[in-house]
Structures are given as C-alpha cells and as structure tokens.
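To start, the structure under review is shown below, and the notes come after it.
We did not get these values from a lab; they are worked out from the coordinates using the rules stated. Since we're looking at a predicted model, the values are computed, not measured. Ideal geometry is used to build each Cβ from the backbone, glycine not excepted, and the neighbour counts take in all protein chains shown.
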C-alpha cells in the first residue's frame, strides 16, 4: 500500500519551455502533498506544501510564479516549472501524506534537464 | 531552531559487519520520527515511524529505536543490497505537516 506515482521520470527540454510534473497517490487519499528539490549528494530541499483545494505554501526563496503547484484533488498534485532555464535543472521529488501523523510517501522523482 | 543531525555522513561495512546509524534531533514535542531509504536516482522509500521514546520497530536486518533525543537505525549482518542513503526526518507540532530531514548517511556494504 501507500504508492505514489510521479510522472515523467525524465524530461529534457529547451530553455524557455514550461514543464509539468504529475504526482498521484494511487491507493490512499493525500490530504497534503509536498514538492522537494534534490541536488547531487545532498538531502531533500522542501519547495512547497499543498493541501487539497488550497493554495500551496512556498518555502522562503522559492518563486511561486516560477514553480506553479496545483492540488486539485486528494490524489493528484502537479508542479509546473514555467519558462524553465538551465539553472532549474534538478531532481524533483513529490510526496504525499494522509491524515494525522502519517509518514510521507514519495514518488520516484523527475530528472529535469534544461538545455 | 529545530534541527536534525545524522551521523556518520558515510559508512563502509563489510558484509555481515553490524553497525548503527544515528539521528539526533532537537525539536520540541516530537510528533513522529521517520526513517527512509533512498537509492540513487529514486525517491525515498519509507521504512519506519517511531512516535515515543522507548519504541522500537524491526524489519528484516533493520531495527529502529527512539530516545528523547535521538534515534538509531541498527543494521544487523548487512548485505550489499542494503547499500543506500538512509534519511531520518522528524515532525514537530506547530509546523503543520512539515518534516525536517537530516542530510542522510550513505551506507556501502562491501561483499
């Protein structure tokens, strides 16, 4: 149980393109979803937290107009990187959490490369 | 400020050589402590949740324990397939559902 699917797993695109990443909880309802960024050999950096039907809460230093997050249902959240540039290249990981003190369950990440 | 510190940063073990990873935390009023395993190029995989001091959880060669200031992940007779980065995270009250992650311990088990 507690499976989180993230898609796509790898994307390469040209600078200036917008890229959408999907995160789905397959077998549970995710009241909260999280988006992280991870640099090589570093730990997870929280970008934003979203609750279903509410606006996302962004961490300090994360541009909300650059990283658009939508959490329209209890099983789906999307992250759109708008007008991506090479410095946005990274490994993006989502997680989903049910009600209460439940663990976060993670997707397998999306490797984003901007040329 | 709430903090989570993991040690050592990296650990190399011979196959069968048992050891422990440490996660110390300074959050007030722990709501939960979570252990994850992360393989290269993958998202973290959930291992254990511990909620109160004295609690222990086991899964195969792994055993997690919790005190009021730290948690240990004991690895008994490790195998090469246990090689991964192990992350711990804590959830504190007053932070919504936010987790504070440590920087992880990179474990390599040599055959």
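A few notes on this one:
- Shape call, region A:11-115: gyration tensor on alpha carbons, a/c limit 1.5: prolate
- Stokes-Einstein D for chain B, Kirkwood Rh over Cα pairs, 4 °C, 1.567 mPa s (µm²/s): 93 µm²/s
- Alpha carbon centroid spacing (whole Å) that separates region A:14-47 from region A:82-102: 2 Å
- Values of log10 I(q)/I(0) for the protein assembly as shown across q = 0.08, 0.11, 0.18 Å⁻¹ run -0.29, -0.55, -1.33, by the Debye formula with one identical scatterer at each alpha carbon and no solvent.
- Label positions at residue B:15 and residue A:99, each projected 7 Å from the Cα along the C-beta direction, are separated by 4.7 nm.
- If you plug the beta carbon distance of residue A:83 and residue A:22 into 1/(1 + (r/R0)^6) with R0 = 22 Å, you get a FRET efficiency near 0.70.
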